[in-house]
Structure formats: C-alpha cells, structure tokens
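Below is one structure, written out as structure tokens, with a few remarks after it.
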Amino acid sequence: MALFDLSRDELDAYRSASVAPEDFDAFWSKTLQEAREHDLDARFEPVDTGLSTVRVYDVTFAGFGGHPVKAWLTLPAGADGPLPLVVEFVGYGGGRGLPHEHLLWASTGRAHFIMDTRGQGSAWGGGGGTADPVGGAPSYPGFMTRGIDDPGHYYYRRVFTDAVRAVEAARSHPLTDASRTVAVGASQGGGITIAVGGLVGDLAAVAPDVPFLCDFPRAATLTDRHPYREIGLFLKTHRGRGEDALRTLSYFDGVHFASRGSAPALFSAALEDQTCPPSTVFAAFHAWGHEDKRIEVYEFNDHEGGGPYQEAVKLRWLRSYA
C-alpha cells in the first residue's frame with residue numbers, strides 16, 4: 001500500500017489525543033518498587049559459540065515478580081575495561097535468538113545486552129527461552145489483550161518491568177559502563193525502548209525504530225494489520241468494552257512514556273508502514289521530553305523501515321553519546 005496515513009506536513013503537526021491516567025507515575029513507581037523487592041540475581045555464564053572476535057554470556061536475571069528472564073551479553077574479545085553499553089529489545093513474536101545473530105554492536109567496541117521477551121520467541125529468528133508464568137483473563141490469540149481487563153494484569157506491565165530490570169542487570173556486569181547506557185529496538189523493541197526511556201532517568205541515549213505500542217486510540221482504529229488488530233478483534237467479541245480497554249492501554253502508551261523521556265533520542269518512521277502507522281510514531285516523537293531529538297523518515301518503506309540504512313545512521317549518531 002502507498003501512503004495511507006497523514007501527509008508529511010500533517011505528521012509534523014500531529015499530536016496524540018491520548019490522555020495519561022492521573023496515577024500513571026504512581027502506578028509505575030509502585031510496579032518497579034515491587035519488582036526491586038526481589039534480588040536482581042543477575043548471572044552471567046560464559047558460552048562457547050565458536051566466535052573468536054567476541055565473548056558471549058548466557059544471562060539470567062529476575063524480572064517482574066522475580067521471574068527468571070534470559071538475555072545475551074556480548075563483549076568484544078579482550079575487553080578489559082568498562083565499555084559503553086547498548087541494551088536492545090526485540091520485535092513482536094521474536095526472542096533473543098542465537099548469539100551469532102547479534103554481532104553489530106559488539107563490533108563497534110561496545111557491550112551488547114539483548115533481552116528475551118517473556119512468552120514470545122516462537123514466530124521468527126532463533127527463538128527464545130523465557131516463559132511468562134502469569135495468567136490473565138480471556139484474550140485474543142497474541143499478546144495485545146492478555147490481561148487487558150486491568151492495568152495490574154496487563155501483559156506489558158510485566159514486559160516493561162523486565163526491560164527496566166534488564167538495564168539494571170546489564171549495568172551490574174563489571175565490564176559495562178552504566179553512565180554510557182543506550183537503549184535501542186525496532187517495532188515492539190522500539191516501543192519497549194520508549195518505555196525504558198521514560199522509566200530509567202539516566203540513560204545516555206535511546207533509539208527506537210518504527211516503534212510499536214504508541215498512540216493506542218489512533219492505532220487501534222487506523223490499521224487492520226496485526227498486532228494492533230488483536231485489540232479490535234477482542235472488542236468485536238467483547239462488545240461495549242472499548243472504553244475499559246483503552247483505559248488499561250493508557251498506562252502502557254508510548255506517548256506517555258515519551259513525555260517523560262530525559263535522554264537524547266533518535267526515532268525512525270516509514271510512511272507506508274501499516275503495522276506501526278507513521279502518525280503513531282510521530283505522536284511519540286513529538287511527545288519526547290528531551291529537546292535533543294530527531295526522526296529519520298523513510299518515505300516509500302513499510303514496516304521494514306530504514307533497515308540497514310537506519311543502522312548506519314545509528315552507528316554515526318551514537319558516537320556523540322556512548
């Protein structure tokens with residue numbers, strides 16, 4: 001499909017109508033406080049990967065509810081001092097995969113930490129290994145409506161908490177430099193990156209690409225492509241529940257995390273993106289709280305966005321921050 005959303009001039013002017021709940025900050029403060037009552041228990045086990053230019057560690061740490069979450073930590077071979085740290089979050093349905101799938105950031109001389117996403121890792125890539133032991137109310141197949149009856153039960157409450165704990169776990173390794181921590185991710189990973197940017201106040205920079213989980217009121221009614229469509233299909237069966245669902249989603253909207261962002265940010269959007277419509281990405285970008293921000297726009301791309309071209313932009317951009 002060619003352009004289906006707002007024009008570029010309209011995107012530059014667009015602001016989300018999504019409203020943050022009055023207790024948004026209190027909700028997340030309490031959520032993270034409860035998570036930190038569990039020992040982080042970050043464990044780093046060396047892995048024999050057959051790779052000679054990097055060292056890889058199989059990581060386990062305690063996320064939401066103290067549940068074990070997996071990750072990989074990849075370091076340049078021979079690193080002996082604290083390194084700038086890139087913490088990465090992955091797209092919808094994917095997992096941490098296999099270590100040799102993630103060599104870019106360690107190749108720049110940085111430490112790279114990639115978090116598994118609980119309950120996912122079975123749709124593409126090398127898979128994942130983190131369970132989600134928490135149940136929820138009836139939901140449409142997928143993750144978007146799991147626990148949508150209540151913010152306290154919602155699936156992404158657990159994922160976003162895991163992500164904050166992932167930053168803490170990565171920073172706990174002696175060869176990472178906490179003061180030079182960057183969060184990155186695309187699609188769902190971009191949405192998680194925005195959430196982390198709003199919840200962790202001392203990041204050096206963030207780089208969300210074609211981010212998911214932003215501007216729910218618009219996204220859920222604009223595109224019929226999954227995963228956003230899961231919300232509409234749930235409400236198609238559960239008639240009259242739209243207002244309640246949007247109230248829950250308002251606690252997880254990237255627009256509201258973005259307004260609390262306190263680090264330099266590099267966003268990207270694609271104008272033919274039907275999965276994460278560009279207006280929803282621009283909504284988060286415009287809301288981003290730090291004045292040092294920019295957005296790369298790919299006019300004729302769908303959800304693949306800038307792909308390797310955007311990676312090249314990030315490699316140059318991050319030199320100024322970490």
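The values are calculated or read from the model by the stated rules, or taken from the named source; none is laboratory data. Just so it is clear, the structure is predicted and the values come from calculations on it, not from any experiment. All Cβ positions, glycine included, derive from the backbone under ideal geometry; neighbour counts span all protein chains shown. Ligands, DNA and RNA are stripped out before the accessible areas are found, and what is left, the full protein with its side chains, is counted by its heavy atoms. Shrake-Rupley method; radii C 1.70, N 1.55, O 1.52, S 1.80 Å.
The solvent-accessible area of Tyr154, taken with every protein chain present and a 1.4 Å probe, is close to 0 Å².
Using the Cβ of Arg180 as centre and a radius below 14 Å, the other residues enclosed give a net charge of +1, where K and R count +1 and D and E count -1.
All other residues whose Cβ lies under 13 angstrom from that of Lys30 are scored, Lys and Arg at +1 and Asp and Glu at -1, for a net of -2.
Where (1) 31, 52, 16, 1; (2) 31, 48, 20, 1; (3) 35, 60, 6 are the candidate values, the label of the one calculated here for P(r) over Cα pairs in 20 Å bins from 0, in percent is (3). A DSSP coil position with no more than 10 other Cβ atoms inside 10 Å describes the following GluC sites (Glu not before Pro) in the stretch 1-101: Glu22, Glu37. Taking all protein chains together and rolling a 1.4 Å probe, Leu75 ends up with roughly 0 Å² accessible. To the nearest ten degrees, helix 155-171 and the longest principal axis of the Cα atoms of the chain are 20 degrees apart. If you take all other residues with their beta carbon under 14 Å from the beta carbon of Arg294, and give Lys and Arg +1 and Asp and Glu -1, the sum is -2.
The antiparallel fraction among DSSP beta bridges confined to the chain stands at about 45%. Rounded to the nearest 10 degrees, the angle from helix 307-317 to the longest Cα principal axis of the chain is 60 degrees. Spin-label model, Asp224 to Leu98: label points 7 Å out along the Cα-to-beta-carbon direction sit 3.9 nm apart. Solvent-accessible area assigned to carbon and sulfur over the stretch 6-102 amounts to 49 percent, based on a 1.4 Å probe.
Checking every one of the trypsin sites (Lys or Arg not before Pro) in the stretch 27-86 against DSSP loop status and a limit of 16 other Cβ atoms within 10 Å picks out Arg36.
Check each of the chymotrypsin sites (Phe, Trp or Tyr not before Pro) in the stretch 220-322 and keep only those in coil by DSSP with at most 11 other C-beta atoms within 10 angstrom; list them in order.
Values: sites: Tyr228, Phe234, Tyr251, Phe252, Phe257, Phe267, Phe282, Phe285, Trp288, Tyr298, Phe300, Tyr309, Trp317, Tyr321; in loops: Tyr228, Tyr251, Phe252, Trp288, Phe300, Tyr321.
Those that pass, being in a loop and sparsely packed, are Phe300.
Annotation: extensible slack from Ala178 through Glu37 equals 48.6 nm (criterion: 0.36 nm per residue apart, minus Cα-Cα distance). Here each label is just a point 7 Å from Cα along the line to Cβ, and for Arg241 and Lys30 those points are 2.3 nm apart. Using alpha carbons only, how many angstrom separate the centre of the stretch 136-197 from the centre of the stretch 13-58? Computed from Cα coordinates, the inter-centre distance equals 5 Å. Taken per residue, the accessible surface of the stretch 79-141 reaches 39 Å², heavy atoms only and a 1.4 Å probe.
The shape of the stretch 102-234 comes out prolate: with a ≥ b ≥ c from the C-alpha gyration tensor, a/c is at least 1.5 and a/b beats b/c.
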